[in-house]
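Enquirer: Just passing along the structure, written as structure tokens.
The values are calculated or read from the model by the stated rules, or taken from the named source; none is laboratory data. Being a predicted model, the structure only gives us computed values, none of them experimental. Cβ sites come from the backbone with ideal geometry, for glycine too, and all protein chains shown count toward neighbours.
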Ligand SMILES: *Cc1c(COP(=O)(O)O)cnc(C)c1O
């Protein structure tokens, strides 16, 4: 069973390198995140033993039930929808929150981070397909949110995250790359825009083509979720 995890990682690394060599600068780095939802910690740790250094968590409860058992060699990011009242449970143990999409949430993260003397790195989630079912800010609201959130002392904006509409990955990734480059060029005070989080099991190679530097992969590593 875990043999499959090794094979999957091998294939994904190969695809990422291939996309990088075609479309990116040679010194660009792309991190492969293992998305752990529904996966028992033993299998997560197996992936870490096979060289995975970044884990992605969607659900606070599930994460709390597994985190003490995780191999400490991997960093943990929070990538799911985050309720304000749950921030306090994750703030000390995650290194990046990918899913900030309102000033209210940013302010709550700031408040909890201040309590533990931390400056929390965050990404702004962009709803690139303008889908009602999805979280994220619309592109035209992004700059305002970044300006407002950049005033908060205990968070630091590191970039953008998106989940594109099914079957519209490529056009969405292309748009995201433009938006990301534009935001980076603005050099807004107190921000350090260097992370573009996009691409999942079905479209990670395309995301790498358009500048992603964290691909978030669940089923592609661990198999279909039950
Ligand atoms: C589940 C999930 C992923 C991984 O999805 P797969 O299709 O299994 O690779 C990536 N990002 C987010 C935000 C997710 O919730």
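Enquirer: Within 15 Å of the ligand (Cβ to nearest atom), assigned to a loop (DSSP other than H, G, I, E, B) and surrounded by 15 or more Cβ atoms within 10 Å (Cβ to Cβ): which single residue out of 39, 44, 76 fits that description?
Expert: That would be 39, the only listed residue that is within 15 Å of the ligand (Cβ to nearest atom), assigned to a loop (DSSP other than H, G, I, E, B) and surrounded by 15 or more Cβ atoms within 10 Å (Cβ to Cβ).
Enquirer: Same structure again: If I filter the stretch 203-226 down to residues being in contact with a strand residue (DSSP E or B) (Cβ under 8 Å, 6 or more places away or on another chain) and more than 9 Å from the ligand (Cβ to nearest atom), which single residue comes out as nearest to residue 6 (Cα to Cα)? Steps first, please.
Expert: So in the stretch 203-226, the residues in contact with a strand residue (DSSP E or B) (Cβ under 8 Å, 6 or more places away or on another chain) come out as 204, 207-208, 211-218, 221-222.
Filter again for more than 9 Å from the ligand (Cβ to nearest atom), leaving 207-208, 211-214.
Working: 207: 22, 208: 21, 211: 26, 212: 23, 213: 21, 214: 19 Å.
Out of the qualifying residues, it is 214.
Enquirer: Note down all Cβ pairs under 7 Å where the first residue falls in the stretch 194-205 and is under 19 Å from residue 222 (Cα atoms) and modelled with pLDDT of 95 or more, the second is more than 8 Å from the ligand (Cβ to nearest atom) and in a loop (DSSP other than H, G, I, E, B), and they're at least six residues apart or on different chains.
Expert: 198/212; 199/212
Enquirer: For the stretch 6-23, indicate whether the set of residues that are surrounded by 19 or more Cβ atoms within 10 Å (Cβ to Cβ) and farther than 20 Å from residue 201 by Cβ is non-empty.
Expert: Within the stretch 6-23, not a single residue is surrounded by 19 or more Cβ atoms within 10 Å (Cβ to Cβ) and farther than 20 Å from residue 201 by Cβ.
Enquirer: May I pose another question? State all residues of the stretch 136-175 that are in contact with a strand residue (DSSP E or B) (Cβ under 6 Å, 6 or more places away or on another chain) and within 14 Å of the ligand (Cβ to nearest atom); if no residue qualifies, say none.
Expert: 136, 160, 161, 162
Enquirer: Test residue 111 against the stated conditions and say whether it is within 16 Å of the ligand (Cβ to nearest atom), modelled with pLDDT of 95 or more and more than 18 Å from the chain's Cα centre (by Cα).
Expert: Spelling it out, it is not the case that residue 111 is within 16 Å of the ligand (Cβ to nearest atom), modelled with pLDDT of 95 or more and more than 18 Å from the chain's Cα centre (by Cα).
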